[in-house]
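Asks: Pasting in a structure now, in structure tokens, and then I'll have a few things to ask.
The values are calculated or read from the model by the stated rules, or taken from the named source; none is laboratory data. Because the structure is a prediction, the values reported are computed rather than measured. Methodologically, a virtual Cβ is constructed for each residue, glycine included, from the backbone with ideal geometry; neighbour enumeration extends over all protein chains shown. All accessible areas refer to the heavy atoms of the entire protein, side chains included, with ligands and DNA or RNA removed. Shrake-Rupley method; radii C 1.70, N 1.55, O 1.52, S 1.80 Å.
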Amino acid sequence: AKKIINDPLKCADELFEGLVLAYDGKVRRVGKRSLVMNDLRPDAPALLVGGGAGHEPIYHGLVGKGMADGAAVGEIFAAPPPDIVLEATQAVNRGKGVLFLYGNYAGDVMNFDIGGELAADEGITVKTVIINDDVCSAPPDKKQNRRGVGGLVPITKLAGAAATVVDSLDELVRIAQKAVDNTRTVGVSTKPGSIPATGEPTFELADDVIGLGMGIHGEKGVGLIPMCTADELAAKILDLLFADDMPLNAGDEIVFFVNSLGSTHMMELLILLRAARPILDARGIKVHHTIVDSIVTCQEMAGVSFSITKLDAELKKLWDLPCESVGYTKL
Amino acid sequence: AKKIINDPLKCADELFEGLVLAYDGKVRRVGKRSLVMNDLRPDAPALLVGGGAGHEPIYHGLVGKGMADGAAVGEIFAAPPPDIVLEATQAVNRGKGVLFLYGNYAGDVMNFDIGGELAADEGITVKTVIINDDVCSAPPDKKQNRRGVGGLVPITKLAGAAATVVDSLDELVRIAQKAVDNTRTVGVSTKPGSIPATGEPTFELADDVIGLGMGIHGEKGVGLIPMCTADELAAKILDLLFADDMPLNAGDEIVFFVNSLGSTHMMELLILLRAARPILDARGIKVHHTIVDSIVTCQEMAGVSFSITKLDAELKKLWDLPCESVGYTKL
Amino acid sequence: MQLTPNQVRLMMLQVADAIIEAEPMLSQADRDLGDGDHGLGMKRGMEAVKAQLEPLEAASVEQVFVTTGTAMMTSMGGASGALFGTLFRAGGKALAASGNFDPPDLPLFFEAALEGVMKRGGAKPGDKTMIDALAPAAAKAREVTALPLAEAISAIADAAESGKEASKAMVAQFGRAKTLGEACIGFPDAGACSIVVMLNAMRSFVSCGV
Amino acid sequence: MQLTPNQVRLMMLQVADAIIEAEPMLSQADRDLGDGDHGLGMKRGMEAVKAQLEPLEAASVEQVFVTTGTAMMTSMGGASGALFGTLFRAGGKALAASGNFDPPDLPLFFEAALEGVMKRGGAKPGDKTMIDALAPAAAKAREVTALPLAEAISAIADAAESGKEASKAMVAQFGRAKTLGEACIGFPDAGACSIVVMLNAMRSFVSCGV
Ligand SMILES: Nc1ncnc2c1ncn2[C@@H]1O[C@H](COP(=O)(O)OP(=O)(O)O)[C@@H](O)[C@H]1O
Ligand SMILES: Nc1ncnc2c1ncn2[C@@H]1O[C@H](COP(=O)(O)OP(=O)(O)O)[C@@H](O)[C@H]1O
Ligand SMILES: [Mg+2]
Ligand SMILES: [Mg+2]
Ligand SMILES: [Mg+2]
Ligand SMILES: [Mg+2]
């Protein structure tokens, strides 16, 4: 892959430094590789996100007003180590404890757990909510095996909004968990990603197939389907979302997020949205807000995902609050 | 190219329909292929943008609060025909006339001109400001030959903000022209784009070279340079911006926009920003606002551009107003 | 000899089919120098032309050409939509008075078409645009007013072909190719190629025993 | 026979170099089943280990291993940073009392390492993880407490190698490969490969006449 980088092994550190600059002084760098908002509400529970680098603008691009309070940043495709989790935890904590909100990957779980143990040693209360919105990565009865993918954008937005209004960590945990419980994603990939350090594709995919449910590093999902039209693909993805254990009924209000994994052009996202909306409309599902963007990405990878977040009255109120970050901003 | 589309010849119509849905009711479709904000300020001059499709989210994705009032949408890589310009003009006009703001491409100039003549026949006052920010496409003394590229994002934002406060079309023209005069872009490409209907790359580019100043359809600029590091590339791009006829002095405040042409990952944009900022800082140029995003794009194309918009007191005030659109939103 | 309005309609349908068939060649020509969509745009335009002309009860030669131009202008967009639309609309209007498409009136058509295109786009002969095929065609039309229609059109088509060939040596001053500089030498202009395809289709129509 | 703290330090430096050299193979193993970064992460970890161990005045065997584990845990991130960090920290602490790295105490090291990794990651033997190389190594360590160090380590390394080979037939239950199902059969686990590289490096260190 022809990449605009310097030393391939320094990508994570360098993109992190660039990201801090992209925030125009609204966040500051902390320790080795964490960033934290400058303007934190005093005496409030904190929201910390994080994960591996190379998927920008997530995860660390979702820090800001009405979004996360800070982020712990790992190496390319690798969860942040515990000492980085700790430095970020200390920096966002305002005496009311810290919620760790991240995607369900073994590395993230272990490193945030160890980081949380270190923070507990320092007297900081830490709770964890794990994002596992990826329908295709495990059946509903094995939800603990599901990955976190596109859904982390609406979930971070809702938890971030909650963090601006709630008074206790438990309230923040309750709302973040509700956002997770109410969010499902189905994604597909059409072209593999690559790792900057090696330039090698992380998986192979023939020209005439689509990887259904494939993860953002090439982890397999439901399997391969033949290359098809946008209309067929939109229907297929929605079918998988409807078939999952989260009921979607007439009258339900949702956030609908159409995401590109990076190399899929926005034209294609819009053509998919055009196909998807009539299907949602026909079921009486009301789209309260649409996001069409490339936020959950992987180096060079092409593919798309649909995420649906069901809004109850509480979540809808939180959704409607403004938010601002490098990766997602809403008036 | 492996594209998620339906009929390749219907891409423009279908992405247009998807785009209208992406606006969640804030815009409506008009006529053949125009979109217009629903909530227009009465008795105000209007801002109309437009251009070919396939570069999403520009141009039609920049309609909304504090952005353009409407957009005329062409086919893939083709300016909108005059009847579409006319239908859009009629829909945005509120009796105070309409400013056409678009990139400097022969097709756009001719079609907007004809559309404007048709609108004049209907008694609508039309003025035109042409965006020509692309430094590499012609020397300063042939500025009329320069294309419109990345700069159209800050320029549309500034003109859109102006359209929410000014009372006369002439004032809108003055401010839009000032935004154009104060904006310069230098871009490079690393991988060719393609046209959905043929799947063929629009140009060729060897693995070991970068197209310096290449346009968003592959139009040539300054020439080819050897593939280089992000740090070298950032310095080279800034050198070309500094060498142009717009003075950039210590104390100047700017908007700095780092754009991906689509397939270049945000990681690379952030690594470039990290390289660019110290160079700007060293010259005493103050970055008032940074945008790091993929907004001016081409199917499949990889590459980046830096745009600089110099803010005087008036433009700075306009910049700080919020705006909202599918392609760019700011609190 | 002259064509009836209905024969002009049939001729333009044949022109439309020729352009549609030439789409890959025209797109390739635009890939060499521009953004690769010229053939697609022309094809889109000609499908719109066919949709308009097929059911048309042609009342005048002017009407056929103006309908053609308007259909192209409103369906194509891009540089060539405005320019080819202008070409046929201006050319057609120039025949309003005489009402004929015959050798004595051909200069009216081509000169008005050329003038319209030059005014609209600001380019002049030598700038490596469609004008470099259209201008020689117009000049030739002025020379062949006394020939039979088939021979006149044939001479005009040959002139356009030579003009297109000459465009290979030119450095573009207009359109997307204008930033290419010397690199565009050796390739013909895509719009000039379209002019040639059109005139060749006209030639084969009028030579087949009209 | 037993190693001095400084010899353990030199052994771990040799382990570090072996992993750094094996980076392409380890990355390929992770490309087959995961996200392709395992070799890079291990290399990064081992460079951090070298930076810590090279200047270290080794005071105890425990210190060398805990320093190794902490360096890996804080520099690598990802699943293997936490797991290999835990492995060396837990294993090293288990040698605190005896202070020796010799055959009678090797079971302490490997069993504590195994227990730490299992507790941290929740995986068990048969889940196609590094545990499938580490568990047989620990079992073998319990059997060879009476052998000379070089022979004991060699037997342990062989056991790990067999375990890594056996992992090829397993269907992953943990880590990124867990969504692959049957498709992961035939490929060894990347973490298990790292265990084997490490033990082979230990073998060659202790066999070279310590
Ligand atoms: N200013 C101009 N005057 C005359 N012809 C022009 C001008 N600009 C472009 N053209 C013609 O248009 C052709 C390109 O048409 P097309 O590819 O359809 O449009 P676009 O450049 O918008 O993609 C060129 O080959 C050239 O013949
Ligand atoms: N829960 C677990 N228990 C034990 N080992 C695990 C577990 N999860 C992953 N591993 C090991 O980690 C290896 C992958 O490491 P690495 O590629 O560095 O991490 P990541 O999965 O974060 O990219 C796997 O090959 C496996 O041996
Ligand atoms: Mg990883
Ligand atoms: Mg075009
Ligand atoms: Mg073209
Ligand atoms: Mg891995």
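Asks: Using the Kirkwood radius built from alpha carbon pairs, what does the Stokes-Einstein equation give as D for the range A:226-331 at 10 °C and 1.306 mPa s, in µm² per second?
Replies: 108
Asks: Going through the cross-link list C:K128/C:K164; B:K143/C:K119; A:K157/A:K316, which pairs have a Cα-Cα distance over 19 Å in this structure?
Replies: Among C:K128/C:K164; B:K143/C:K119; A:K157/A:K316, the Cα-Cα distance tops 19 Å for B:K143/C:K119.
Asks: Evaluate the relative contact order of chain C (contact order divided by residue number), counting alpha-carbon pairs under 8 angstrom at least 6 apart; express in whole percent.
Replies: Across chain C, relative contact order equals 23 percent.
Asks: Apply the a/c threshold of 1.5 to the C-alpha gyration tensor of the range A:42-102 and tell me whether it is rounded, prolate or oblate.
Replies: Note, shape of the range A:42-102 comes out oblate.
Asks: Using the membrane-span-like helix rule (whole DSSP H runs, Cα extent along the own axis of at least 20 Å, mean Kyte-Doolittle hydropathy at least 1.0), which helices of chain D qualify?
Replies: TM-like helix candidates: D:190-207.
Asks: At 1.4 Å probe size, with the rest of the protein present, what percent of the exposed accessible area of chain D is carbon and sulfur atoms?
Replies: Ligands and nucleic acids excluded, carbon and sulfur give 55 percent.
Asks: Okay, moving on. List the distances, in nm and shortest first, from the label point of C:E47 to the matching label points in every other copy, placing each point 7 Å from Cα along the Cα-to-Cβ direction.
Replies: Relative to the other copies, C:E47 has label-point distances of 5.5 nm.
Asks: Separate question: Could you work out the helix-only [θ] at 222 nm for the protein assembly as shown, with each DSSP H run of four or more residues adding -39,500 (n - 2.57) and the total divided by the number of residues, to the nearest 500 deg cm²/dmol?
Replies: -14500 deg cm²/dmol
Asks: Accessible area per residue of the range A:202-292 at 1.4 Å probe, in Å²?
Replies: Accessible area per residue, the range A:202-292: 34 Å².
Asks: Something else: Taking every pair of alpha-carbon atoms in the range C:1-84, what share in percent sits in each 10 Å bin, from 0 to the bin with the longest distance?
Replies: Here the calculated profile for the range C:1-84 is 20, 47, 25, 8, 0.
Asks: Kindly give the semi-axes, whole Å and largest first, of the ellipsoid equivalent to the range D:5-207, taking each as the square root of 5 times a Cα gyration tensor eigenvalue.
Replies: 25, 19, 14
Asks: Now a separate question. Please state, as a whole number in µm²/s, the translational diffusion coefficient that the Stokes-Einstein equation yields for the protein assembly as shown at 10 °C and 1.306 mPa s, with Rh defined as the Kirkwood radius across alpha carbon pairs.
Replies: Diffusion coefficient, whole number: 51 µm²/s.
Asks: Going 7 Å from Cα along the Cα-Cβ axis for the label, what nanometre distances separate B:I225 from the same residue across the other copies?
Replies: So the label point of B:I225 gives 4.5 nm to the other copies.
Asks: Do you know the relative contact order of the range A:61-206, to the nearest whole percent, from alpha carbon pairs under 8 angstrom that are 6+ apart?
Replies: Reported relative contact order: 22 percent.
Asks: Could you tell me the center-to-center distance, by alpha carbons, between the range D:54-118 and the range A:1-77 in angstrom?
Replies: Cα centroid to Cα centroid, the span is 31 Å.
Asks: Per residue, how large is the accessible surface of the range B:1-73? Use a 1.4 angstrom probe and give square angstrom.
Replies: 28
Asks: What does the structure give for B:56-65 when I average, per residue, the other chain Cβ atoms found within 10 Å of the residue Cβ?
Replies: Mean shielding count: 2.
Asks: Another question about this same structure. Where nothing but the Cβ of Lys and Arg (+1) and of Asp and Glu (-1) is charged, how large is the charge dipole of the range D:5-207 around its Cα centre, in debye to the nearest 20?
Replies: The dipole magnitude comes to about 420 debye.
Asks: Okay, moving on. Viscosity 1.567 mPa s, temperature 4 °C: give me the Stokes-Einstein translational D for the range A:206-284 in µm²/s, with Rh taken as the Kirkwood radius over C-alpha pairs.
Replies: Estimated via Stokes-Einstein, D reaches 93 µm²/s.
Asks: Shifting gears a bit: To the nearest whole number, what is the average tally of beta carbon atoms from other chains within 10 Å of the beta carbons of peptide A:8-17?
Replies: 5
Asks: Also: Which of the aspartates and glutamates could a cross-linker bridge to A:K236, judged by Cα under 17 Å and excluding same-chain residues fewer than eight apart?
Replies: Partners within reach: A:D134, A:D208, A:D244, A:D245, A:E268, A:D281.
Asks: Could you compute the net charge surrounding D:L10? Neighbours are other residues with a C-beta less than 12 Å from the C-beta of D:L10; K and R count +1, D and E count -1.
Replies: That works out to 0.
Asks: Looking at chain B only, what percent of DSSP beta bridges run antiparallel? Nearest 5 please.
Replies: Here the antiparallel bridges make up roughly 55 percent for chain B.
Asks: Quick one: work out the % antiparallel among DSSP beta bridges in the protein assembly as shown, nearest 5.
Replies: So the antiparallel bridges in the protein assembly as shown amount to around 55 percent.
Asks: Inter-copy label distances at A:G123, 7 Å along the Cα→beta-carbon direction, one decimal in nm, shortest first?
Replies: 7.8
Asks: Over the Cα atoms of the range A:115-169, Rg to Rh with Kirkwood Rh, two decimal places?
Replies: Rg divided by Rh gives 1.08.
Asks: Rounded to the nearest whole Å³, what is the per residue volume of the convex hull around the Cα atoms of chain B?
Replies: Given the Cα convex hull of chain B, per-residue volume reads 120 Å³.
Asks: Now a separate question. Expressed in nm², what is the orientationally averaged projection area of the convex hull enclosing the Cα positions of the range D:97-192?
Replies: Average of the hull's projected areas for the range D:97-192 equals 6.1 nm².
Asks: May I pose another question? Under 9 Å from the Cβ of B:R41, count the other residues' Cβ atoms, weight Lys and Arg +1, Asp and Glu -1, and hand me the total.
Replies: -2
Asks: In whole Å, what are the Cα extents of the range D:7-56 along the three principal axes, biggest one first?
Replies: 36, 14, 12
Asks: OK, next. How high is the relative contact order of chain B, given as a whole-number percent (alpha carbon pairs under 8 Å, six or more residues apart)?
Replies: About 19 percent, as a whole number.
Asks: Return the value, in Å² to the nearest 100, of accessible area buried between chains B and C (probe 1.4 Å, both sides summed).
Replies: Summing both sides, the interface buries roughly 2300 Å².
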